[in-house]
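The values are calculated or read from the model by the stated rules, or taken from the named source; none is laboratory data. Remember, it's a predicted structure, so these values are computed and weren't measured experimentally. In this analysis, Cβ positions are derived from the backbone assuming ideal geometry, glycine residues included, and neighbour counts consider all displayed protein chains.
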């Protein structure tokens with residue numbers, strides 16, 4: 001796939017969060033060893049800092065959902081949908097928000113050493 005999309009690129013830089021599937025080992029789990037090595041020769045991994053990832057907000061919300069709503073066995077898909085719907089409605093009425101404080105300026109200050117100029 002990379003060869004078709006980026007035929008001239010010597011390296012393809014992937015910017016990823018730190019999800020457990022976003023590492024070299026996943027290539028070895030998915031492809032033969034030879035194919036994984038061939039692909040990985042052309043890939044450069046760049047990871048977003050754990051504390052700055054936009055996914056942190058989603059992960060926080062999923063954790064809250066788990067703690068407040070999914071902390072027990074739910075016997076059917078219908079019941080699951082109902083429970084999550086009730087939880088979601090309650091959350092929306094409460095208008096609780098996550099306030100993201102990692103600004104562009106803070107990111108620039110913290111990450112500038114990684115920038116290529």
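Among (1) at pLDDT below 75; (2) surrounded by 11 or more Cβ atoms within 10 Å (Cβ to Cβ), there is one condition residue 115 misses while meeting the rest; what is its number?
(2)
Residues 33, 66, 29: which one is loosely packed, with under 12 Cβ neighbours inside 10 Å, closer than 30 Å to residue 97 by Cβ and at pLDDT 90 or above?
Sole residue among the options that is loosely packed, with under 12 Cβ neighbours inside 10 Å, closer than 30 Å to residue 97 by Cβ and at pLDDT 90 or above: 66.
Can residue 82 be described as surrounded by 10 or more Cβ atoms within 10 Å (Cβ to Cβ), assigned to a helix (DSSP H, G or I) and at pLDDT 75 or above?
When the stated conditions are applied, residue 82 passes them.
Which residue is nearest to residue 13 (Cα to Cα), if the candidates are limited to the range 86-112 and must be surrounded by 11 or more Cβ atoms within 10 Å (Cβ to Cβ) and modelled with pLDDT of 75 or more?
110
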